[in-house]
Structure formats: C-alpha cells, structure tokens
Amino acid sequence: MDPKLVAAAFGMVPQATLIYLADQVDPGRLLIRRQREKNRCSQRYSICRISRMPRFLCDHCRSPLTGPVAKVKVPLPVPMSEIPGVRTRPARMPRGTYALNLRLCEFSDDVLGFIVHPDDVIGTEQHPEVMRSIGCCQGPAGGDGLNLVCRDCGAEVATRQADCYTQNQVTLDPSAVCLSFSDD
C-alpha cells in the first residue's frame, strides 16, 4: 500500500500513515511470504546441483560415460613393465582424474582427446565391429579407430588401449563427449 494514497483517502499526514500501517502488518502473512520465497529458491537450486568435480557425458544422449574426475596434467607415458609374464602396462592415469592430450609424439601410439583411467569409464560397451578391437597380445591397440560406444545410444565415444606396445588408457573423443559439472 502506498502511504500517500492512504493519507489522502483518510485525511491523514503521510508520516502518521506510515506508523499506522507498520502497526497493522500481519506477521503471519510475512512468514508465509518468506516461506514461499525460500521454497522457490530451494526448488531452483535442486534442479541442478553444482558439483566440484566434472564428469564426461555422451554428447548425443547426455548419459554419463565416467564418474567424477579431476583435471591433471598429461602424465608421461608408462614404460614397458619389467615383470615377467605381464604384458599390460599399469594404467597411465590415476583413478578419478583426466587429462587433455593434444600432442602426438613421433614414436607414440597415443590418440588425441581426454585420457582417463580405464576403471573410471562406466557407460560404454565394445564397438560392434570386432576389427576395431584388434591388438597384438593382450587387448585392443586402438589403432583402428574408436572402439568404445555409448551404452545408451550407440554413438562412438572413445578409444581403449591396453595392448603390450600401447599405454593402458581410455581416450575420450572430444567431438563425442561433453564435460558436465552438474550432479543431476
């Protein structure tokens, strides 16, 4: 209510009208208004909770491809294992981390993209084309293109490398994935 209009309607001084109206405020109505605003705010924030650690989603269907991961620098390649009988190297990335690899070495079989630990990848399956998962001894070499697809929509999203002469890693294709900071 405008105190000037009330003052004019009742023939009162505007300052006295302010004092009168302040005494007539119903505290219950104010409480209801505050609760409505609080509920509106809590609904707004519950729609999309912000996470401190991002995760990768399929760019086509937005289904999760990894759990939460933290960005780190690209680690050096892991040298060949000296353990007899073991032909797969230890994972290049620590669990719960990712790194953006945009440089290819001359003698490296690296793939460009986001490198993650193989156990951090959750929403993928092997490519239906068996020839994409060919390797020498132990696992896929990753030299025949993307060999992991999104479990939900079938889009090609990553390259798994786990052979005796390659790094033990999964490289997500930057054009097929997106980084999400929300928990929903």
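The values are calculated or read from the model by the stated rules, or taken from the named source; none is laboratory data. Keep in mind that what you see is a predicted model, and the values were worked out from it rather than measured. Please note that ligands, DNA and RNA were not included when accessible areas were found on the heavy atoms of the full protein model with its side chains. Shrake-Rupley method; radii C 1.70, N 1.55, O 1.52, S 1.80 Å.
Taking amide hydrogens as placed 1.01 Å from N in the peptide plane, the amide H of VAL177 sits under 5 Å from those of ASP59, each at least 5 positions away in sequence or on another chain.
Counting only heavy atoms of the protein chains and using a 1.4 Å probe, MET12 has close to 80 Å² of accessible surface. Measuring only protein heavy atoms, the 1.4 Å probe finds ARG62 accessible over about 130 Å².
Using heavy atoms of the protein chains and a probe of 1.4 Å, the accessible area assigned to GLU156 is about 70 Å². Residues whose amide H comes within less than 5 Å of that of THR97, counting only those at least five positions distant or on another chain, are ALA70, HIS117 (H built at 1.01 Å from N in the peptide plane).
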